[in-house]
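Have a look at the structure below before the remarks.
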Amino acid sequence: MTRLVLAAALALLAAPAAAIAQDGHANHAAHAAHAAPAAQTSAHADHGHHHADFKSDRLHVRVDGDMDGRDIILIPGLGSSPEVWQSTVDHLTAQDGVGWRIHRIHVQGFAGAPAEGNAPPAGGHAPVAAPVAEEIARYIREKGLTKPIVVGHSMGGTMGMMLAARHPDLVGKLMVVDMVPFMGAMFGAPGVTAEQVTPTADQVWTGMTSGPDAEYNARAAASVTGMINTESLRAGPLEDAATSDRAVSASAFRELIVTDLRPELPKITAPVEVVYVKFNDARMTPEITDMIYRASFANLPGATLKRIDDSAHFIMLDQPAAFFAELDAFIAK
């Protein structure tokens, strides 16, 4: 990728702390507003479904489908609930002759779940994605899952990459949905390092944790709206945002900015497919988007990169047929 192309991308993607409500691949920046105080209880919190017998203060796991089926783990993004995967679950369980045991991760602090172990220290921040990824690894081991397929959306994709790179023996296949391995590149000049982008990440965190709740909640709603083109499917994610813990979300977003997984990509041994959408700006052509993704995953040359058009960030909601086709083909390889 030329410096000119990347500089153009960064100019469009970098978001100041005071205005984190952009769309497109500022979808990732828009996640910064994707949370609110967690005093409320999400309607997603209890559906009468089965939760795995797994003790963790970082996550809990919803299990659906054929209890003797093939294992697949679905990880939602920042501030999202397991419900964002419902159409995917419906698709998988409707397949004739194929049994799936589906494990949906619910990160503590997101979408009505109490923050528990993901709560940062008072007035400070702490990692969320990395420790949750470690708990998913422990879950796989303790439950005796054999090479499950892992699908992660956005921050869930980051956790999937962490899991596959740091525990390559545990992952059968990995699908990353609309996420790059170093989001910090969107917040600095070409060639910026995680260390160099840390002051910006701190500014973003400060912007997320200060200011009135009403203003914060309005940004959250605007961000979610921009991340889903299909108006009829926005209500659930909007509720997820309104019932996510603001401090947990701020810590998680800061962590995403300063986490550079590119050096770890060669450690991944599982087959990987990355599905993504075009940057939502007229100046960002499909070709530029493709170049940015190829450069981002250059350390993982065996990965399949697939752009899905006419979609915002929640590809599985906006373009379910295309998403399911990619998922099915990837699983079948």
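The values are calculated or read from the model by the stated rules, or taken from the named source; none is laboratory data. Model, not experiment: these values are computed from the prediction. Cβ sites come from the backbone with ideal geometry, for glycine too, and all protein chains shown count toward neighbours. For accessibility, only protein heavy atoms count, side chains too; no ligands or nucleic acids. Shrake-Rupley method; radii C 1.70, N 1.55, O 1.52, S 1.80 Å.
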Handout entry: Filtered residue count, region 241-276, keeping only those that are in a helix (DSSP H, G or I) and not polar (S, T, N, Q)
Key = 19
Problem - Members of region 247-271 found to be open to solvent by less than 10 Å² (accessible area, probe 1.4 Å) and of a type outside the set (Ser, Thr, Tyr), listed by number - result: Val248, Ala250, Ala252, Phe253, Leu256, Ile257, Leu261, Leu265
Practice task
Go through the residues of region 277-294 one by one and say whether even a single one is in a loop (DSSP other than H, G, I, E, B), without any contact (Cβ under 8 Å) to a residue 24 or more places away in the chain, in contact with a Lys or Arg (Cβ under 8 Å, 6 or more places away or on another chain) and surrounded by fewer than 19 Cβ atoms within 10 Å (Cβ to Cβ).
Solution key: yes
Problem - region 304-329, subset of a type in the set (Gly, Ala, Ser) and in contact (Cβ under 8 Å) with a residue 24 or more places away in the chain, residue surrounded by the most Cβ atoms within 10 Å (Cβ to Cβ) - result: Ser311
Completion exercise
Only one of Gly69, Gly79 is at pLDDT 50 or above and on the phi > 0 side of the Ramachandran plot, namely Gly79
Practice task
Check Thr146, Thr200 and return the single one that is open to solvent by 10 Å² or more (accessible area, probe 1.4 Å) and in contact with a strand residue (DSSP E or B) (Cβ under 8 Å, 6 or more places away or on another chain).
Solution key: Thr146
Practice task
Take Arg141 and decide whether it is of a type in the set (D, E, K, R) and open to solvent by less than 10 Å² (accessible area, probe 1.4 Å).
Solution key: no
Handout entry: Members of region 27-66 that are modelled with pLDDT under 60, open to solvent by less than 20 Å² (accessible area, probe 1.4 Å) and either touching a strand residue (DSSP E or B) at 6+ places or on another chain (Cβ under 8 Å) or assigned to a loop (DSSP other than H, G, I, E, B) (or both)
Key = His34, Ala35, Ala36, Ser42
Completion exercise
The number of residues in region 158-172 that are under 14 Å from Leu300 (Cα atoms) and touching a Pro at 6+ places or on another chain (Cβ under 9 Å) is 2
Handout entry: The lone exception for Ser210 - which of (1) surrounded by 20 or more Cβ atoms within 10 Å (Cβ to Cβ); (2) modelled with pLDDT under 95; (3) not aromatic (Phe, Trp, Tyr) it fails
Key = (1)
Practice task
Return a yes/no flag: does region 164-177 have any residue that is more than 25 Å from Gly69 (Cα to Cα) and within 13 Å of the chain's Cα centre (by Cα).
Solution key: no
Practice task
Starting from residues that are open to solvent by less than 10 Å² (accessible area, probe 1.4 Å) and not β-branched (Val, Ile, Thr), keep the ones in region 213-236 and report whichever is farthest from Met186 (Cα to Cα).
Solution key: Tyr216
Practice task
All but one of (1) out of contact with any helix residue (DSSP H, G or I) (no Cβ under 8 Å at 6 or more places or on another chain); (2) of a type outside the set (D, E, K, R); (3) open to solvent by less than 10 Å² (accessible area, probe 1.4 Å); (4) not in a helix (DSSP H, G or I) hold for Ala122, so report the exception by its number.
Solution key: (3)
Practice task
Quick one: Ser244 ticks every box in (1) open to solvent by 20 Å² or more (accessible area, probe 1.4 Å); (2) closer than 21 Å to Pro82 by Cβ except a single one, so which number is it?
Solution key: (1)
